[in-house]
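The values are calculated or read from the model by the stated rules, or taken from the named source; none is laboratory data. Fair warning: this is a prediction, and the values are worked out from it, not measured in the lab. Neighbour counts are summed over all protein chains in view; Cβ atoms, including those assigned to glycine, are modelled from backbone coordinates with ideal geometry. Please note that ligands, DNA and RNA were not included when accessible areas were found on the heavy atoms of the full protein model with its side chains. Shrake-Rupley method; radii C 1.70, N 1.55, O 1.52, S 1.80 Å.
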Amino acid sequence: MNKKTRNLIAGYNVYLNDDNQKILLDPISKIGYLVKDDDYQKFNFFHNRWPLAIAIGALVYSFTNIIILAVVIALAFGLVIEYRYRKYWLASLTQFPHFKPKNKVTFMRGLAQQKRKWDCLLLGLAYICFGILLVIHGIIQNAATFIIAGEILIMILALYRGIQYLISFFIQIKNKS
């Protein structure tokens, strides 16, 4: 029986080194950082720091309808998390200066390795529903055109991620994982 893995350490700027360890490449400093399976939760949080900041901004706007407040809170959250990411979390990881990326660990590859098909189905549907409902909410609220444009952008990104999860689900069904 295949063992399910719970840790999805994959995505943009994630590579395998010669020892088959997952390395997160910081494109600004060109330093690679060893990410162990134990670091999964922090990796996931910090890897999604800016999408999370945008989502927080969208939620603040949906509750207050004050665009300046939403932008300030999203930007403040993003900058604080970016500082913590660079100053504390990356500094705590094993570093590989001048890391030369070779074997990319894509998000889809990571999903397939997890062997969690039903989670992929639910997350795919959740992302798709979130994106669509966000735009519907903006239309119902008679939001400004630039707000709806931003919500459409978020919807496109959510649809993209949702489709990735659904493709992974169907691949795992096909392979009977």
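With respect to the conditions (1) part of a loop (DSSP other than H, G, I, E, B); (2) modelled with pLDDT of 90 or more, Ile136 falls short on a single one, namely (1). Among the conditions (1) among the aromatic types (Phe, Trp, Tyr); (2) farther than 29 Å from Gly131 by Cβ; (3) modelled with pLDDT of 90 or more, Tyr85 misses just one, which is (2). One residue stands out among those in the range 158-174 that are exposed (fewer than 14 other Cβ atoms within 10 Å of the Cβ) and touching a helix residue (DSSP H, G or I) at 6+ places or on another chain (Cβ under 8 Å): the one that is farthest from Ile54 (Cα to Cα), which is Ile173.
If you check every pair at least six apart or on different chains, which have Cβ atoms under 9 Å apart with a residue in the range 69-81 that is of a type outside the set (A, V, I, L, M, F, W, C) first and a residue that is open to solvent by less than 70 Å² (accessible area, probe 1.4 Å) and part of a helix (DSSP H, G or I) second? Here the result reads Gly78/Arg49; Gly78/Leu52; Gly78/Ala53; Gly78/Ile56; Gly78/Gly57, each pair linking the range 69-81 to a residue that is open to solvent by less than 70 Å² (accessible area, probe 1.4 Å) and part of a helix (DSSP H, G or I).
Considering (1) modelled with pLDDT under 85; (2) closer than 30 Å to Leu153 by Cα, the lone condition that Lys102 does not fulfil carries the number (2).
Residues in the range 1-48 that are over 14 Å from Leu90 (Cβ atoms), hydrophobic (A, V, I, L, M, F, W, C) and modelled with pLDDT of 85 or more: Leu16 alone. Whenever a residue of the range 106-123 is closer than 22 Å to Tyr15 by Cβ, its partners that are aromatic (Phe, Trp, Tyr) and not in a helix (DSSP H, G or I), lying with C-beta atoms within less than 8 angstrom and at least six residues away or across chains, give the pairs Phe107/Tyr12.
Within the range 108-121, the presence of at least one residue that is over 18 Å from Ile56 (Cα atoms) and part of a loop (DSSP other than H, G, I, E, B) is confirmed.
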